[in-house]
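These notes concern the structure reproduced below.
The values are calculated or read from the model by the stated rules, or taken from the named source; none is laboratory data. No experiment lies behind these values; they were computed from the predicted model shown. Because the Cβ atoms are built from the backbone with ideal geometry, glycine has one as well, and the counts that use them run over all protein chains shown.
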Amino acid sequence: MAHYYITTPIYYVNDAPHVGHAYCTVNADALARWHRLVGDETKFLTGTDEHGQKVADAAALNGVSPQEWTDRTSARFREAWDALDISYDDFIRTTEPRHYETVQRFLTAVYENGHIYKDVYHGLYCVSCEDYYTLESSDEGRCPIHGRALTEMQEENWFFRLSAFAEPLLRYYEEHPDFVTPETKRNEALAFIRGGLRDISITRTSIAWGIPVPWDDRHVFYVWYDALINYLTAIGYGREDDQTSTWWPVSHHLVGKEILRFHCVWWPAMCMAAGLDPVHHVQVHGWLLVGGQKLSKTMAAEGGVKLSDISPVVLTDEFGVDPIRYYLLRETSLGNDGDFSHEGITARYNTDLANNLGNLVARVTTIVATKCAGVGPAPQPGSELASAARQAVGAAAAAWDRFAPHAALEATWGLITATNAYLEQRAPWKMSPGDELDAVMGDALEAIRLVSVLATPAIPHVCATIWSRIGLEGAPGDETFADSAQWGRYRGVHPIVKGEPLFPRITVSDD
Ligand code: MSP
């Protein structure tokens, strides 16, 4: 059985979760669900990144200890993921003892392998990024991402000899052409490596909120240096419950484009330095933008949307869990930036969910209830819908496999459109009860069953509801995909439930 390990970045707990964080987590969740559906032994990890200056500052600003602040904010992430039905297998917090243990083991290995040395660091620091810039890489002394003035820092630090890993990294990229996807992001990482790598400072004495350096307790590790190791903490690296050989390195990190350098340059080099193979795949995604801007706390001050108004919990209350999940997965392909808007959600909801999927289910269940005595007939083996179904199944499966949920859903909705068109053409509502009507309705029910299977990683609640409305027991993911994706599994003689509209249309006012 194949193993599939997928991770999201761990989120900073300086502030509450927003829909940009949800974007990444929902995509990872759908991919994890897809792999469970095809029968892979799956582990899905998410969590919170709790050390560093930014979090310590947020705690101080709110008049509580860093630990209290991180407890409170980390819980808000869990709450958001519950609201979005996120099926994580593990939620890691970097303040947990297991993480301290793995980090210290990992970095001691790097140290003992001779890749860490002491020196004095001078640099320009951005607290929001928790990262250094040089004058050239800054925007005239300001952070190119946050626009804030950079702070001059000078401290005695331990350094990681990143510069020694340029050649091994380039070789790794050459030998693993799919290490970073999409290709534009791979090229970006390669250009960064080819541009020359400088050693990086990996410890701090200026703050105490971090993991102590085992060989020098005046220092704590720099937050990014401890954070990346979380992916190994969750699989027990260096501890008694070590499962590294099961889940590593054939794992997948899903990360936003601004943290590409950490995941595609630092992290593989760190692994090599510790004597471990780097992760096999990093999938980089773009940003969700509001009015062309990355989500930020300053948006509201500039007359834009208030982040708390578009928090995952508010949005799921307003539109429902599955519609938000669908929107986040369908609207933007992983890798590109996408626009987030209420109008966008409403349009997807009314068109794809209410008009296409909702109407199809309503239409079919109504006809079966009234003309087939409420019992779903079996499909025809050679139906013209069968070939549309086979095509949709193939395209959707391939898209899920290549980290393209938007394309998987597009293919799935292709089957919905084909089924609606088939009904238009055959007009069962004009037919009298009998074999011909049964054949058409059996085909439509089978197509609906397949749609529920294909869409279940994205919209699990609705798919389970549809499943029971067409008289099936359990849920769409109960059988392995290889079986359930075959045309003809709907055997007929299933009691149909009409039920309430799955997606009542949202009325859009003109003003
Ligand atoms: N703590 C680090 C990650 C450490 S991983 C070892 C961090 N945290 S973050 O909270 O700032 O961002 C986490 C993820 O959320 C990033 O992948 C980032 O791209 C994503 N997003 C934050 N805002 C986003 C959007 N507006 N749109 C899409 N994703 C966004 O970086």
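A few points about this structure:
- Search result, residues across the range 103-124 that are surrounded by fewer than 20 Cβ atoms within 10 Å (Cβ to Cβ) and in a strand (DSSP E or B): Tyr117, Lys118, Asp119, Val120, Tyr121, His122, Gly123, Leu124
- Close pairs from the range 285-310: first within 27 Å of Pro182 (Cβ to Cβ), partner modelled with pLDDT under 85 and not hydrophobic (A, V, I, L, M, F, W, C), Cβ under 6 Å, at least 6 apart: Trp287/Lys294; Gly291/Gly304
- Members of the range 102-124 that are touching a helix residue (DSSP H, G or I) at 6+ places or on another chain (Cβ under 8 Å) and under 29 Å from Gly47 (Cα atoms): Thr102, Val103, Phe106, Leu107, Ala109, Val110, His115, Ile116
- Those residues of the range 452-467 which are farther than 16 Å from Phe503 by Cα and either part of a helix (DSSP H, G or I) or outside the structural domain of Thr417 (by TED's automatic domain parsing) (or both), in sequence order: Val453, Leu454
- Checked against (1) on the phi > 0 side of the Ramachandran plot; (2) at pLDDT below 90, Gly335 passes all but condition (2).
- Selection count, the range 454-489, where residues are closer than 14 Å to Val361 by Cβ and at pLDDT below 95: 0
- No other residue among Leu135, Leu107 is within 25 Å of Pro249 (Cα to Cα) and of a type in the set (A, V, I, L, M) apart from Leu107.
- Residue check for Ala439: on the phi > 0 side of the Ramachandran plot and surrounded by fewer than 24 Cβ atoms within 10 Å (Cβ to Cβ): no
- Residues (within 15 Å of the ligand (Cβ to nearest atom) and part of a loop (DSSP other than H, G, I, E, B)) located in the range 19-64: Glu50, His51, Gly52
- Looking only at the range 200-246, and only at residues there that are in contact (Cβ under 8 Å) with a residue 24 or more places away in the chain and acidic (Asp, Glu), the one that is farthest from the ligand (Cβ to nearest atom): Asp216
- The residue that is surrounded by the most Cβ atoms within 10 Å (Cβ to Cβ), counting only those in the range 129-181 that are closer than 30 Å to Trp215 by Cα, of a type in the set (A, V, I, L, M, F, W, C) and modelled with pLDDT under 90, is Cys129.
- Of the numbered criteria (1) part of a loop (DSSP other than H, G, I, E, B); (2) more than 29 Å from Thr332 (Cβ to Cβ), the one Pro144 fails is (2).
- In this structure, Ala369 does not satisfy being closer than 24 Å to Ala189 by Cα and touching a residue at least 40 places away in the same chain (Cβ under 8 Å).
- Only listed residue being within 14 Å of Leu228 (Cα to Cα), surrounded by 16 or more Cβ atoms within 10 Å (Cβ to Cβ), within 10 Å of the ligand (Cβ to nearest atom) and in the same structural domain as Asp29 (by TED's automatic domain parsing), chosen from His253, His285: His253
- Restricting attention to the range 266-281 and to residues that are farther than 20 Å from Cys24 by Cβ and within 15 Å of the ligand (Cβ to nearest atom), the residue that is surrounded by the fewest Cβ atoms within 10 Å (Cβ to Cβ) turns out to be Pro278.
- Residue tally, condition out of contact with any His (no Cβ under 9 Å at 6 or more places or on another chain) and either in a strand (DSSP E or B) or without any contact (Cβ under 8 Å) to a residue 12 or more places away in the chain (or both), over the range 3-18: 2
- Residue-level analysis places Tyr100 outside the set of residues that are farther than 30 Å from Asp277 by Cβ, hydroxyl-bearing (Ser, Thr, Tyr) and surrounded by 15 or more Cβ atoms within 10 Å (Cβ to Cβ).
- Taken over the range 468-483, the residue count meeting the criterion of being over 26 Å from Ile324 (Cβ atoms) and either in contact with a strand residue (DSSP E or B) (Cβ under 7 Å, 6 or more places away or on another chain) or not in a loop (DSSP other than H, G, I, E, B) (or both) is 3.
Per-residue answers, yes or no, for (1) within 18 Å of Tyr326 (Cβ to Cβ); (2) among the hydroxyl-bearing types (Ser, Thr, Tyr):
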{"site": "Trp400", "(1), (2)": "yes, no"}
{"site": "His406", "(1), (2)": "yes, no"}
{"site": "Ala427", "(1), (2)": "no, no"}
{"site": "Ser432", "(1), (2)": "no, yes"}
{"site": "Glu436", "(1), (2)": "no, no"}
{"site": "Val451", "(1), (2)": "yes, no"}
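- In the range 93-108, the residues that are closer than 18 Å to Asp217 by Cβ reach residues that are of a type in the set (Asp, Glu) and modelled with pLDDT of 95 or more with C-beta atoms within less than 8 angstrom, at least six apart or across chains, in these pairs: Thr95/Glu50; His99/Asp226; Val103/Asp226.
- For Arg78, the conditions (1) surrounded by fewer than 20 Cβ atoms within 10 Å (Cβ to Cβ); (2) within 10 Å of the ligand (Cβ to nearest atom) all hold with the exception of (2).
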